Structures are given as C-alpha cells and as structure tokens.
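The values are calculated or read from the model by the stated rules, or taken from the named source; none is laboratory data. Everything numeric here is computed off the predicted structure, so don't read it as measured data. All Cβ positions, even for glycine, are placed from backbone atoms using ideal geometry, and neighbour counts span all protein chains on display.
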C-alpha cells in the first residue's frame, strides 16, 4: 500500500516492497510535483493516479532496484550457481567474487554503468592486479571476472531488477597472446626414455598423458572398467576433481563431448596391465587397511590420487634431468600439435581432445594450424609433380 506525504510544493509517494535477501525492508519512493496552475481537485486526482501507477511499477519488480550488487551476487550463488554449476566451477567463481565485490559490491544494481564495469575490467590487465605475484591477470582470468558480473546481471534481469545487462558492451583489453609452451617431439621422446627408470605409476601416467591428450582430471578419473585390454581402447567417462571443502571426488566430464574413446599402442596398454598387477600385490600387503576402489591412479593405500601429486613429481623430474617444465597440460598441447602436423583433420583432432565445438579447437591451436596450412602449397606441388612438369 502506498503512502503520500506533502513536502513543500511536491509530494513523496512511498511503497513498501517487502524485504531483501538480508531481511531489511525495501522502501521505494518517488517525488511528484504538480504542474503550475493545477487546481487542488486536479492535484488530488493526478496524485491518486500517480500513486496507482507507481504501485503497479513496484509490483512488476521495479521495487527491487535498490538492491546492491553484492546482495544480489550472493543470492545468485545460493539460488542458481550452487545447484546448476559444477562444484569446481562454483568454488572458483565463489573465490573470484571477492575481488568484484570490492569494486562493485556497494553499488545499486540499477545504478551500475557500462563505464564502471569497463574501468574495473581494464584494471585487471594492469600491474598489481594479481594479488599473488603482482602481475596483470591473464586474459582468460579477466574474461572469467566479466562473465561472472554478466551472469549476475542476467539473473537480475530475469528477476525484474534491471531491464538491461550493461556488460554486453564491455570489452576485454587485448594483450599480446602468450604462445603455448609445448614439448618438442625430441623432448617428449627423451621424457619417455627417462621414464623407464622411474616408478611404474609415473611411467604409466605420463605415457598415457602423451599418447592420449587427456586432461589431468580425466586421467585421474579413469577406472579399470574404462580399459578394454582386448581391443587396446580406453574410454573417458568421468573426471576426478579436488576442492578444499570436499577433498578428492568424482564428477561428470567437462562437457558431453568430453566423453570419448581412443585406441592406444600395445606398449602403453602393457604398462597399464603391469600397474594393475602391482596394485593387486600392494592390496594384499595392506590387507584390511586397503581402500578398495576401481580407480587406475591411486595412493599406496588404494585411495584416489590427489591431483597435485603428478604435477609436483613432474616438476622435480624435469629439474633432475635438466628438462624444461611446462606443466601437465603441455602434454595435451603436444598431443594436439602432433596430430595437426601429422595431417589429421581438425574435426578429428577436436573429437580426440573432447572439445565441445571445432571452433574451440581452432581458437586454441590457431598458431599450429597456420603453420600447418603454410605447407599446403608444398603438398599440392609434390602431389601434382609440378616441378617435373616445369622441367619437361
């Protein structure tokens, strides 16, 4: 119900719009000033009309415009993100929100402008933005921040709090793209040779990583039932994840197309057989203390392996052998580059990598594709024997 209060020559119309997510009553108000020359009767009639119109506006959701960005952001996390996003994604975004709240959290949703968001996004590409190393955030991290802001505004639009999303005209500053660090085929061969003198579980893991291009979570999520030793094929059906609140847990693959099956050389399959035999022997030693599960990569007691174990082992392995350390994901890039340079078509490469679209593959490996396309002329020339015809 609206209330009207006369203030000088104007009238204040106030409407109670319920309570916000923190239990505070939300009052929406507007000021109406009569036109000069209006009679008292005309004023009262128009004032009543203004009151009814304003009440209707409030019923349509305009009453919630007073909500602050942080308040609605927390509502978005609890009402949408927690039930619709993968837990790892939710945890990552929940951590990122604090940086955004410092800049925009105190502002009303309906008062935030495109320019304010653009200024914040620009600041993330400047020195000092990364609170850990003092460097600018990567373009990918900047996009994640913008996407989170946009998602919250999209939610606000659905709730009738705002009529438009100011993020749609915000652009991420272009930085010089950093070329992916990829092991050369010679370095990869040296790694495979050096692995022969290392523990079997690491030999198996890194041989599989190099020959598959599987993501780390996909490798650690592999179970024995995913391996067909008769036909030398392995299927990705799940991923192993870790967050501080849940520890190691099993989740679905990144996308539906991430579920895929690849064929492997016999020597890789033999390593996996040896690994299972070794684990079976270990389970007998541990007895009733052995933790039974079907995972391929496990701790000494049978528990699923922590995702950082192989990362830190590889770092030390590279240092011992005076090899560059590019991280685990570099083997996925190596796998892709070998396929492209070997003449495998982009659709097949995309399927092998488990990307949701071919465009994703093209965008990530555009530099490799460009160098591969540069060879097209030579291939056609050789195929048509052009040089021989010129000399004829």
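For residue 283, indicate whether it is without any contact (Cβ under 8 Å) to a residue 60 or more places away in the chain, closer than 18 Å to residue 225 by Cβ and in the same structural domain as residue 226 (by TED's automatic domain parsing). For residue 283, the condition - without any contact (Cβ under 8 Å) to a residue 60 or more places away in the chain, closer than 18 Å to residue 225 by Cβ and in the same structural domain as residue 226 (by TED's automatic domain parsing) - is met.
Within region 341-360, residues that are under 14 Å from residue 253 (Cβ atoms) reach partners that are exposed (fewer than 13 other Cβ atoms within 10 Å of the Cβ) with beta carbons closer than 7 Å, at six or more positions or on different chains, in the pairs 356/255.
Exactly one residue out of 233, 227, 191 is touching a residue at least 24 places away in the same chain (Cβ under 8 Å) and loosely packed, with under 15 Cβ neighbours inside 10 Å: that is 233.
Given the structure, is residue 249 in contact with a strand residue (DSSP E or B) (Cβ under 8 Å, 6 or more places away or on another chain), under 18 Å from residue 313 (Cβ atoms) and in a strand (DSSP E or B)? It is false that residue 249 is in contact with a strand residue (DSSP E or B) (Cβ under 8 Å, 6 or more places away or on another chain), under 18 Å from residue 313 (Cβ atoms) and in a strand (DSSP E or B).
With respect to residue 75, determine if the residue is at pLDDT below 95 and either part of a helix (DSSP H, G or I) or closer than 21 Å to residue 163 by Cα (or both). Spelling it out, residue 75 is indeed at pLDDT below 95 and either part of a helix (DSSP H, G or I) or closer than 21 Å to residue 163 by Cα (or both). Looking across 371, 362, 337, one residue alone is touching a helix residue (DSSP H, G or I) at 6+ places or on another chain (Cβ under 7 Å), closer than 21 Å to residue 180 by Cβ and modelled with pLDDT under 85. It is 362. Take residue 235 and tell me if it is within 28 Å of the chain's Cα centre (by Cα) and within 20 Å of residue 203 (Cβ to Cβ). So residue 235 fails the test.
Annotation: of all residues in region 53-72 being assigned to a helix (DSSP H, G or I) and at pLDDT 90 or above, the one that is surrounded by the most Cβ atoms within 10 Å (Cβ to Cβ) is 72. Among residues of region 310-324 that are in the same structural domain as residue 242 (by TED's automatic domain parsing) and in a helix (DSSP H, G or I), those with a beta-carbon under 6 Å from a residue that is modelled with pLDDT of 95 or more and surrounded by fewer than 16 Cβ atoms within 10 Å (Cβ to Cβ) at least six positions away or on a different chain give the pairs 315/325; 318/325. The single residue among 101, 92, 80 that is outside the structural domain of residue 14 (by TED's automatic domain parsing), in contact (Cβ under 8 Å) with a residue 60 or more places away in the chain and part of a helix (DSSP H, G or I) turns out to be 80. The residues listed here are 110, 151; of these, the one that is assigned by TED's automatic domain parsing to the domain that holds residue 97, in contact (Cβ under 8 Å) with a residue 40 or more places away in the chain and over 17 Å from residue 99 (Cα atoms) is 110.
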